[in-house]
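The values are calculated or read from the model by the stated rules, or taken from the named source; none is laboratory data. These numbers come from a predicted model, not from an experiment. Positions of Cβ are backbone-derived with ideal geometry, glycine not excepted, and every protein chain shown enters the neighbour counts. Keep in mind that these areas ignore ligands, DNA and RNA; they rest on the heavy atoms of the full protein, side chains included. Shrake-Rupley method; radii C 1.70, N 1.55, O 1.52, S 1.80 Å.
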Amino acid sequence: MQIAYDYSASPTLREFAQSDARIRALMGPLGSGKSSASIVELVRRGQMHPRSHDGIRHSRWAVVRNT
């Protein structure tokens, strides 16, 4: 399954998605799609992770929100 997400309206979200940095931060105004872009990125990266011997993709993520 391939996930496609349209970042044409937001170059900031496109740059976030294309980055391979170990630690990334995303800032923007209310309603800019930060949460949606972050969730899509978690799913996309999870699908890229190789399966282990038991057939499951094991990974760990931390999502921090300052609210």
Task: Mean ellipticity per residue at 222 nm, deg cm²/dmol - from DSSP H runs of n ≥ 4 across the chain, formula -39500 (n - 2.57) - done: -10500 deg cm²/dmol
Task: Around Ser38: net Lys/Arg minus Asp/Glu count, Cβ-Cβ under 12 Å - done: +4
- [ ] Bin width 10 Å, alpha-carbon pairs only: give the P(r) of the chain as whole percents, running from 0 to the bin holding the largest distance.
- [x] 16, 50, 26, 7, 0
Task: Theoretical gain in end-to-end length, Met27 to Ser52 [0.36 nm per residue, Cα-Cα removed] - done: 5.6 nm
Open item on the list: What is the percent carbon and sulfur in the accessible area of the chain, measuring with a 1.4 Å probe over the protein chains and ignoring ligands?
Closed with: 55
Task: Label-reachable residues, the range 25-67, where backbone N falls under 14 Å from a point 7 Å from Ser10's Cα toward its Cβ - done: 25-42
